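Notes follow once the structure below has been shown.
The values are calculated or read from the model by the stated rules, or taken from the named source; none is laboratory data. Note that the structure is predicted; figures quoted are calculated from it, not measured. Cβ atoms come from the backbone with ideal geometry, glycine included; neighbour counts cover every protein chain shown.
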Amino acid sequence: MEEVKRVIVLKKKEQMSLLKESQIMKIHYLTGIGALFTVAVHIMFRVIVPFEQSLSFHNIIMNYHNIPYVIILESILVLVSIHGFNGLRVILLELRQNTKWENAVTVFTIIAMVSIVAFGTRTIIIANGFALR
(Lines give C-alpha, C1' and ligand atoms only; values in the text may rest on other atoms or scores of the structure.)
Protein backbone atom coordinates (compact mmCIF):
# COMPACT_ATOMS: atom_id res chain seq x y z
CA MET A 1 0.00 0.00 0.00
CA GLU A 2 2.84 2.37 0.87
CA GLU A 3 4.50 1.72 -2.50
CA VAL A 4 1.27 2.49 -4.38
CA LYS A 5 0.92 5.84 -2.59
CA ARG A 6 4.53 6.66 -3.42
CA VAL A 7 4.00 5.90 -7.13
CA ILE A 8 0.86 8.08 -7.19
CA VAL A 9 2.74 10.98 -5.56
CA LEU A 10 5.60 10.64 -8.08
CA LYS A 11 3.16 10.62 -11.02
CA LYS A 12 1.44 13.75 -9.69
CA LYS A 13 4.81 15.51 -9.40
CA GLU A 14 5.63 14.55 -12.99
CA GLN A 15 2.32 16.01 -14.16
CA MET A 16 2.98 19.27 -12.29
CA SER A 17 6.12 20.11 -14.28
CA LEU A 18 5.60 22.51 -17.15
CA LEU A 19 7.92 20.85 -19.64
CA LYS A 20 9.24 17.34 -20.01
CA GLU A 21 13.00 16.91 -20.03
CA SER A 22 12.87 15.92 -23.71
CA GLN A 23 11.14 19.22 -24.54
CA ILE A 24 13.72 21.13 -22.54
CA MET A 25 16.51 19.40 -24.48
CA LYS A 26 14.82 20.30 -27.79
CA ILE A 27 14.86 23.93 -26.66
CA HIS A 28 18.52 23.48 -25.72
CA TYR A 29 19.39 22.19 -29.19
CA LEU A 30 17.37 24.91 -30.98
CA THR A 31 18.95 27.70 -28.94
CA GLY A 32 22.39 26.26 -29.70
CA ILE A 33 21.68 26.31 -33.45
CA GLY A 34 20.13 29.78 -33.20
CA ALA A 35 23.14 31.07 -31.26
CA LEU A 36 25.52 29.73 -33.90
CA PHE A 37 23.57 31.52 -36.62
CA THR A 38 23.28 34.87 -34.81
CA VAL A 39 26.94 34.83 -33.73
CA ALA A 40 27.93 34.18 -37.35
CA VAL A 41 25.88 37.20 -38.46
CA HIS A 42 27.44 39.27 -35.65
CA ILE A 43 30.95 38.28 -36.81
CA MET A 44 30.02 39.23 -40.38
CA PHE A 45 28.95 42.67 -39.11
CA ARG A 46 32.31 43.02 -37.32
CA VAL A 47 34.44 41.87 -40.29
CA ILE A 48 33.23 44.66 -42.58
CA VAL A 49 34.68 47.34 -40.27
CA PRO A 50 38.47 47.69 -39.75
CA PHE A 51 39.55 46.35 -36.34
CA GLU A 52 40.83 49.61 -34.81
CA GLN A 53 37.81 51.54 -36.00
CA SER A 54 35.43 48.91 -34.61
CA LEU A 55 36.87 49.49 -31.12
CA SER A 56 36.36 53.26 -31.11
CA PHE A 57 33.82 54.60 -28.63
CA HIS A 58 31.87 56.46 -31.32
CA ASN A 59 31.55 53.33 -33.46
CA ILE A 60 30.37 51.21 -30.53
CA ILE A 61 27.69 53.74 -29.59
CA MET A 62 26.60 53.98 -33.24
CA ASN A 63 26.20 50.19 -33.30
CA TYR A 64 23.59 50.47 -30.55
CA HIS A 65 21.63 52.93 -32.70
CA ASN A 66 21.54 50.46 -35.61
CA ILE A 67 18.23 48.60 -35.02
CA PRO A 68 19.06 45.41 -37.00
CA TYR A 69 22.36 45.14 -35.12
CA VAL A 70 20.62 45.68 -31.77
CA ILE A 71 18.20 42.88 -32.65
CA ILE A 72 21.17 40.60 -33.39
CA LEU A 73 22.82 41.55 -30.07
CA GLU A 74 19.64 40.96 -28.09
CA SER A 75 19.11 37.64 -29.88
CA ILE A 76 22.64 36.54 -29.01
CA LEU A 77 22.07 37.56 -25.41
CA VAL A 78 18.82 35.62 -25.06
CA LEU A 79 19.87 32.53 -27.03
CA VAL A 80 23.26 32.14 -25.35
CA SER A 81 21.76 32.74 -21.90
CA ILE A 82 19.04 30.13 -22.36
CA HIS A 83 21.45 27.63 -23.91
CA GLY A 84 24.22 28.21 -21.39
CA PHE A 85 22.12 28.14 -18.24
CA ASN A 86 20.21 25.09 -19.43
CA GLY A 87 23.55 23.37 -20.03
CA LEU A 88 24.63 24.32 -16.51
CA ARG A 89 21.31 23.03 -15.19
CA VAL A 90 21.83 19.66 -16.90
CA ILE A 91 25.35 19.38 -15.47
CA LEU A 92 24.16 20.22 -11.94
CA LEU A 93 21.29 17.74 -12.19
CA GLU A 94 23.85 15.01 -12.86
CA LEU A 95 25.41 15.64 -9.43
CA ARG A 96 22.32 14.60 -7.46
CA GLN A 97 19.06 12.88 -8.22
CA ASN A 98 16.33 14.08 -5.90
CA THR A 99 13.32 16.34 -6.35
CA LYS A 100 14.38 19.07 -3.93
CA TRP A 101 17.79 19.43 -5.64
CA GLU A 102 16.23 19.44 -9.12
CA ASN A 103 13.74 22.15 -8.16
CA ALA A 104 16.44 24.27 -6.51
CA VAL A 105 18.76 23.99 -9.52
CA THR A 106 15.95 24.81 -11.94
CA VAL A 107 14.87 27.88 -9.95
CA PHE A 108 18.49 29.06 -9.58
CA THR A 109 19.24 28.75 -13.29
CA ILE A 110 16.00 30.50 -14.31
CA ILE A 111 16.68 33.40 -11.93
CA ALA A 112 20.30 33.68 -13.11
CA MET A 113 19.25 33.57 -16.78
CA VAL A 114 16.57 36.22 -16.35
CA SER A 115 19.02 38.42 -14.41
CA ILE A 116 21.68 38.20 -17.14
CA VAL A 117 19.15 38.96 -19.89
CA ALA A 118 17.70 41.88 -17.90
CA PHE A 119 21.15 43.36 -17.24
CA GLY A 120 22.20 42.97 -20.90
CA THR A 121 18.95 44.50 -22.13
CA ARG A 122 19.42 47.37 -19.68
CA THR A 123 22.87 47.99 -21.18
CA ILE A 124 21.42 48.12 -24.70
CA ILE A 125 18.67 50.50 -23.58
CA ILE A 126 21.12 52.84 -21.83
CA ALA A 127 23.49 52.82 -24.82
CA ASN A 128 20.56 53.93 -27.00
CA GLY A 129 20.16 57.00 -24.80
CA PHE A 130 17.05 55.99 -22.94
CA ALA A 131 17.06 56.41 -19.19
CA LEU A 132 15.53 53.84 -16.84
CA ARG A 133 13.89 55.83 -14.08
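Of the residues making up the range 64-78, just one is of a type in the set (Phe, Trp, Tyr) and either more than 12 Å from Ile124 (Cβ to Cβ) or in contact (Cβ under 8 Å) with a residue 60 or more places away in the chain (or both), namely Tyr64. Looking only at the range 24-46, filter to residues that are surrounded by fewer than 13 Cβ atoms within 10 Å (Cβ to Cβ) and β-branched (Val, Ile, Thr); which one of those is nearest to the chain's Cα centre (by Cα)? If we take residues in the range 24-46 being surrounded by fewer than 13 Cβ atoms within 10 Å (Cβ to Cβ) and β-branched (Val, Ile, Thr), then Ile33 is nearest to the chain's Cα centre (by Cα).
Results for (1) surrounded by 12 or more Cβ atoms within 10 Å (Cβ to Cβ); (2) in contact (Cβ under 8 Å) with a residue 40 or more places away in the chain; (3) not in a helix (DSSP H, G or I), shown as yes or no for each residue.
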| site | (1), (2), (3) |
| --- | --- |
| Val80 | yes, yes, no |
| Gly87 | yes, yes, no |
| Val90 | yes, yes, no |
| Glu94 | no, no, no |
| Lys100 | no, no, no |
| Thr106 | yes, no, no |
| Ile111 | no, no, no |
| Val117 | yes, yes, no |
| Thr123 | yes, no, no |
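Are any of the residues in the range 101-114 more than 17 Å from Ile24 (Cα to Cα), of a type outside the set (Lys, Arg) and modelled with pLDDT under 95? Taking every residue of the range 101-114 in turn, at least one turns out to be more than 17 Å from Ile24 (Cα to Cα), of a type outside the set (Lys, Arg) and modelled with pLDDT under 95.
Only residues that are outside any helix (DSSP H, G or I) and touching a Gly at 6+ places or on another chain (Cβ under 9 Å) were counted in the range 34-78, giving 1. For the range 53-63, the count of residues that are within 23 Å of the chain's Cα centre (by Cα) and farther than 12 Å from Ile124 by Cα is zero.
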